[in-house]
1. Somewhere in region 196-210, is a residue of a type in the set (Phe, Trp, Tyr), touching a residue at least 60 places away in the same chain (Cβ under 8 Å) and open to solvent by less than 20 Å² (accessible area, probe 1.4 Å)?
2. Take the conditions touching a residue at least 60 places away in the same chain (Cβ under 8 Å), in contact with a strand residue (DSSP E or B) (Cβ under 9 Å, 6 or more places away or on another chain) and acidic (Asp, Glu) and apply them to Asp242. Does it pass?
3. When the residues of region 340-376 are narrowed to those that are within 20 Å of Pro317 (Cβ to Cβ) and among the charged types (D, E, K, R), which ends up nearest to the chain's Cα centre (by Cα)?
4. Restricting region 276-323 to residues that are within 20 Å of Asp205 (Cβ to Cβ) and charged (D, E, K, R), which is surrounded by the most Cβ atoms within 10 Å (Cβ to Cβ)?
5. Can you tell which of Ala74, Ala58, Ala68, Ala64 is open to solvent by less than 60 Å² (accessible area, probe 1.4 Å) and not in a helix (DSSP H, G or I)?
6. Of the residues Arg364, Arg353, which is surrounded by 23 or more Cβ atoms within 10 Å (Cβ to Cβ) and basic (Lys, Arg)?
Amino acid sequence: MTFELPPYPYDRLSELAARAETLPGGMVDCSIGTPCDPPLDGVVAALASSGTERGYPASAGSPALREAAAAWLARRFELPASSAGAVAACVGTKELVVSVPHVLRLRRPERDTVLYPAVSYPSYAMGASLAGCRAVPVPPRPGTLGGLDLAAIAPADVERALVLWSNSPSNPTGGLGDLGAEATWARAHGVPLFSDECYAEFTWDGPPRSVLQHGVDGVVAVHSLSKRSNLAGLRVGFFAGDPELVEFLRAVRQHAGLMVPGPAQAAGVVALGDDAHVALQRDRYLERLTFLAGVLGAAGCPVDRPAGGFYLWVPVPDRYDDAWALADDLAARGGLLVSPGDLYGPGGADHVRVAVVQPMARLRLVAERLDRVTHG
């Protein structure tokens, strides 16, 4: 059977974007989690002054980058020294997510199943498909928006499982998972657990969590500077944990020529060493989440603040046929572009996702528009 590549999810929003753009002041794009706030000045300076442009960068990441990543993990998650396991760089985490099934099948070719959160960023399932694997969604824990209902995984799927993906805080729902329980289950069944923790800095209910707090055996934590430090354009990420797994991925990636550019690695060292700019970004996102939740509630779309992340996961009110109808209405009335929830799996079809990445001035414009339409 010939593989048919599906349309890229966000390309489906073009008609909604055109509708939102017609309002005076233009579209306010909250459909994609692209950071809009400035990066740290020192990061920009490091890009221009690293002197690494001429040579090939280390595929695993420079010693300075790996040391900075390990130090941040220990500092942020209160880990004992050297307890993060091995550390290696990746070219942003999306390419790692998509490539993991390809690489792990070299170790276990008899296994062909990728287990991943049922409502999640599309790259987990797409990575499975591109590797010729089965993508098997795992529902969230009963009564929650996050985590994995491990009891719902069929025994036959466990036997064929190549990898289990976790994502906490969740994109798109903001729910938090039980990383300790997931690590215990993965070890008991001999399935590597890859924990996507790219939104950990934006944990609102309690302290940030990492699977590495539960040991490194059989687990890999995945982190990115894209959201933490507003550096999505640099493509700097890293993964840490089980030394055997990390080393295997590192070696394969070296053969494939996957390398974070040297100047970007130097900038990453600066970003990982500074916590103050992250605290400032946390304040920005929390203000926007609170404000926009109030705006949407006043417009008849009540939503709770998430447990983590910078997305509002908005239930579709009964007066709309589906999430696309709500997204269309928000584009037409408020000039607000959001993502219908079915982009994140069938289980998300009764929600829309709103990324609070736009500055407050743009969100106030949405509030004014919606208030004018709602109250005259």
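The values are calculated or read from the model by the stated rules, or taken from the named source; none is laboratory data. Every value quoted in this text rests on a predicted model; they were computed, and no experiment measured them. Cβ coordinates were reconstructed from backbone atoms using ideal geometry, including for glycine residues, and neighbour counts include every protein chain displayed. Accessible surface is based on the protein model in full, side chains and every heavy atom, while ligands, DNA and RNA are left aside. Shrake-Rupley method; radii C 1.70, N 1.55, O 1.52, S 1.80 Å.
1. Pass one, region 196-210, residues of a type in the set (Phe, Trp, Tyr): 199, 202, 204.
Checking the rest, the ones that are also touching a residue at least 60 places away in the same chain (Cβ under 8 Å) come to 199, 202, 204.
Adding the requirement that they be open to solvent by less than 20 Å² (accessible area, probe 1.4 Å) leaves 199, 202.
Checked against the condition, which is being of a type in the set (Phe, Trp, Tyr), touching a residue at least 60 places away in the same chain (Cβ under 8 Å) and open to solvent by less than 20 Å² (accessible area, probe 1.4 Å), region 196-210 yields at least one hit.
2. Values: touching a residue at least 60 places away in the same chain (Cβ under 8 Å): yes; in contact with a strand residue (DSSP E or B) (Cβ under 9 Å, 6 or more places away or on another chain): yes; acidic (Asp, Glu): yes.
Yes, satisfied.
3. The selected residue is Arg353.
4. The residue in question is Arg288.
5. Numbers: Ala74 fails: not in a helix (DSSP H, G or I); Ala68 fails: not in a helix (DSSP H, G or I); Ala64 fails: not in a helix (DSSP H, G or I).
So the residue among Ala74, Ala58, Ala68, Ala64 that is open to solvent by less than 60 Å² (accessible area, probe 1.4 Å) and not in a helix (DSSP H, G or I) is Ala58.
6. Working: Arg364 fails: surrounded by 23 or more Cβ atoms within 10 Å (Cβ to Cβ).
Criteria check complete, one pass: Arg353.
So that you can scan it fast, the table gives a plain yes or no per residue for (1) out of contact with any helix residue (DSSP H, G or I) (no Cβ under 9 Å at 6 or more places or on another chain); (2) closer than 30 Å to Val44 by Cα; (3) polar (S, T, N, Q):
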| residue | (1), (2), (3) |
| --- | --- |
| Glu197 | no, yes, no |
| Glu201 | no, yes, no |
| Trp204 | no, yes, no |
| Gln213 | no, no, yes |
| Val219 | no, no, no |
| Val222 | no, yes, no |
| Leu225 | no, yes, no |
| Ser229 | no, yes, yes |
| Leu234 | no, yes, no |
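The rows are residues; the columns are (1) over 23 Å from Pro340 (Cβ atoms); (2) open to solvent by 30 Å² or more (accessible area, probe 1.4 Å); (3) of a type outside the set (Ser, Thr, Tyr); (4) at pLDDT 95 or above.
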{"residue": "Pro101", "(1), (2), (3), (4)": "yes, no, yes, yes"}
{"residue": "Leu148", "(1), (2), (3), (4)": "yes, no, yes, yes"}
{"residue": "Arg160", "(1), (2), (3), (4)": "yes, yes, yes, yes"}
{"residue": "Gly175", "(1), (2), (3), (4)": "no, no, yes, yes"}
{"residue": "Val191", "(1), (2), (3), (4)": "yes, no, yes, yes"}
